[in-house]
1. Filter segment 206-223 down to residues that are within 11 Å of ligand 2 (Cβ to nearest atom) and under 20 Å from the mean Cα position of the chain (by Cα) and give me whichever is farthest from H64 (Cα to Cα).
2. For segment 180-205, give me each residue that is assigned to a loop (DSSP other than H, G, I, E, B) and more than 16 Å from ligand 2 (Cβ to nearest atom).
3. What number goes with the only condition from (1) buried (at least 18 other Cβ atoms within 10 Å of the Cβ); (2) under 22 Å from R174 (Cβ atoms); (3) out of contact with any Cys (no Cβ under 9 Å at 6 or more places or on another chain) that F71 does not pass?
4. I'm trying to understand the selection: among the residues of segment 202-213, which are surrounded by fewer than 16 Cβ atoms within 10 Å (Cβ to Cβ) and either within 16 Å of ligand 1 (Cβ to nearest atom) or in contact (Cβ under 8 Å) with a residue 60 or more places away in the chain (or both)?
5. Regarding segment 169-179, can at least one residue be identified that is farther than 18 Å from E45 by Cα, at pLDDT 95 or above and surrounded by 13 or more Cβ atoms within 10 Å (Cβ to Cβ)?
6. Could you identify the single residue in I56, I127 that is within 16 Å of ligand 2 (Cβ to nearest atom) and out of contact with any strand residue (DSSP E or B) (no Cβ under 9 Å at 6 or more places or on another chain)?
7. Let me confirm something: among E99, E81, E111, which residue is acidic (D, E), under 18 Å from the mean Cα position of the chain (by Cα) and buried (at least 22 other Cβ atoms within 10 Å of the Cβ)?
8. Can you tell me which residue in segment 38-53 is farthest from G169 (Cα to Cα), limited to those that are among the small types (G, A, S) and more than 16 Å from ligand 2 (Cβ to nearest atom)?
Amino acid sequence: MEPLSILIATLLTSNAFPAEDGPDFSYDIITNGQKKGVRVDVYYESLCPDSRSFFINELLPTVHKLGSHMFVHLIPYGRAETLESGGTIEFKCQHGAPECLGNKVHACVIENTLTDNVLAVNVTSCIFEEYFQPTNNGEKCCKKFGVSWDSVKTCTYGSEGSQLLKKYGDMTNRLLPIDFIPTIAINKNRGSRSYQAAILKNLTNEVCKILKKNSIATGVCGV
Ligand SMILES: *[C@@H]1O[C@H](CO)[C@@H](O)[C@H](O)[C@H]1NC(C)=O
Ligand SMILES: *[C@@H]1O[C@H](CO)[C@@H](O)[C@H](O)[C@H]1NC(C)=O
């Protein structure tokens, strides 16, 4: 290898997971008005089996127990690409065009449930339950939880959906390279690979560690 390519290879390797050297979690509590809690950012994509099982097995139950102490940010984009030319925005998604449409359904649900984290997670998890049909499910799940499917549909098929996905793409690209979908940041910290594994295995436990340290929700967290 030429010296320059060695240098580049070294930079790429050492950057492979930027937060690798960081602490596994920060004990900070986020405050917003009366609400105190832990911030959880979920980077995912709509047709991804690992994203699906994280929502159904971890995120949904954790939010049902601890939602009043969580600030959940959902970022549906994953390993997609944004292609912009001559004023049009298009996307290429890991699991093909249906995934891009699914990501838009998720993005538009999120946009219509901004004031209620639990509702957002309820509806998106419901969509994941039969994730191969994000639009059919979108309608069913919006109706089930009282979210306007008309607004979500208009957003999904219009320019709003594209603008939202582009925004989520920019947010996801700031984390690159991502080595697994879903990737979760707790209090904006992705930590090490083993921290990611611990979050995927038991999100409640990782949120509880921070809450307990701050004497919040100790009943639910079991102390
Ligand atoms: C979320 O779903 C749970 C379980 O179905 C339900 O008890 C709760 O009322 C829902 N909350 C919202 C805001 O949709
Ligand atoms: C996850 O963590 C919680 C809180 O620490 C604990 O009560 C629960 O048993 C754990 N679940 C599993 C499946 O290990």
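1. Once the filter is applied, the top-ranked residue is E206.
2. Across segment 180-205, the qualifying residues are F180, I181, P182, N187, K188, R190, G191, S192.
3. Among (1) buried (at least 18 other Cβ atoms within 10 Å of the Cβ); (2) under 22 Å from R174 (Cβ atoms); (3) out of contact with any Cys (no Cβ under 9 Å at 6 or more places or on another chain), F71 violates only (1).
4. Hits for segment 202-213 are N202, K213.
5. Kept after step one, since they are farther than 18 Å from E45 by Cα, are these residues of segment 169-179: none.
Within segment 169-179, not a single residue is farther than 18 Å from E45 by Cα, at pLDDT 95 or above and surrounded by 13 or more Cβ atoms within 10 Å (Cβ to Cβ).
6. Numbers: I127 fails: within 16 Å of ligand 2 (Cβ to nearest atom).
From the options I56, I127, the qualifying one is I56.
7. After ruling out the rest, the residue left standing is E99.
8. By that ranking, first place goes to S51.
The values are calculated or read from the model by the stated rules, or taken from the named source; none is laboratory data. Note that the coordinates shown come from a computational prediction; the quantities given were computed from them, not determined experimentally. Here the Cβ is made from the backbone with ideal geometry for all residues, glycine too, and neighbour counts use every protein chain on show.
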